[in-house]
Amino acid sequence: MEQRKIYLLLTDTGTMFTRMIKLFTQEPLNHASLAFDENLVEVYSFGRKNMRNPFIGGFVKENIRTGLFKHAKCAIYSCTVSEKQYQEMRRKIINFENNKQNYKYNLIGLIGVLFNIEIERKNAYFCSQFVASVLKDSGVVLINKPLAFVTPSDLKATSPFQLVYEGKLNFYFSTTEMNQNSNNQPLLLKTM
């Protein structure tokens with residue numbers, strides 16, 4: 001059976017919103033995204049639709065080479081999944097993309113996490129809730145916890161994920177490009 005790799009990207013962009021979340025979580029990386037390639041071209045999450053306004057959010061395909069991500073700290077994890085799981089994830093993402101106007105950022109649910117109150121809202125997700133939902137619905141086993149409580153640190157702690165890189169996101173890009181140009185060997189770095 002053919003297998004594929006997917007990637008979990010955890011970031012800290014240093015914004016005021018991120019700093020507020022960090023005060024409550026005491027975790028260094030508080031934004032989660034799902035990627036389908038090691039070059040992080042196809043990266044999806046729930047976050048800002050407008051870089052200047054953290055309160056207008058929803059389903060986004062993130063360009064993590066510019067804007068808030070340009071100088072972000074990150075950790076990148078990989079996970080091997082079956083072809084069937086991979087295709088199911090792709091179907092889910094296509095569905096989100098085709099209906100993105102129907103989805104919103106679950107800010108109320110995020111507040112619920114802080115106060116340990118489970119708040120589920122129709123067509124609303126925060127970043128780690130979205131990633132956990134896609135993984136669970138695709139048959140990738142995660143933690144035994146309601147999706148409304150899943151945090152980025154919960155995602156990285158699940159057994160299928162292996163750390164690939166930790167450090168500055170822009171350094172990862174320059175290193176992977178250099179690595180691919182030289183010998184096409186897999187990259188394993190930890191620099192943070």
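Of everything listed in (1) under 25 Å from TYR172 (Cα atoms); (2) outside any strand (DSSP E or B), the single unmet condition for SER133 is (1). Would you confirm, using the coordinates I've provided, whether ILE108 is more than 30 Å from GLU2 (Cα to Cα), part of a helix (DSSP H, G or I) and not polar (S, T, N, Q)? Spelling it out, ILE108 is indeed more than 30 Å from GLU2 (Cα to Cα), part of a helix (DSSP H, G or I) and not polar (S, T, N, Q).
In region 10-79, counting only strands (runs of 3 or more DSSP E) that sit wholly within it, the ones holding 2 or more residues that are open to solvent by 20 Å² or more (accessible area, probe 1.4 Å) and touching a Phe, Trp or Tyr at 6+ places or on another chain (Cβ under 7 Å) span 53-61. Within region 83-99, residues that are closer than 20 Å to PRO160 by Cα and assigned to a helix (DSSP H, G or I) reach partners that are open to solvent by 70 Å² or more (accessible area, probe 1.4 Å) and among the polar types (S, T, N, Q) with beta carbons closer than 8 Å, at six or more positions or on different chains, in the pairs GLU83/GLN3.
When region 54-82 is limited to residues that are of a type in the set (S, T, N, Q) and without any contact (Cβ under 8 Å) to a residue 60 or more places away in the chain, the one that is nearest to SER159 (Cα to Cα) turns out to be ASN63.
The values are calculated or read from the model by the stated rules, or taken from the named source; none is laboratory data. Source: prediction; values computed, not measured. For neighbour counting, all protein chains shown are included, and Cβ atoms are generated from backbone atoms with ideal geometry for every residue, glycine included. For the accessible areas, the whole protein counts, side chains as well, though only heavy atoms, and no ligand, DNA or RNA atoms are used. Shrake-Rupley method; radii C 1.70, N 1.55, O 1.52, S 1.80 Å.
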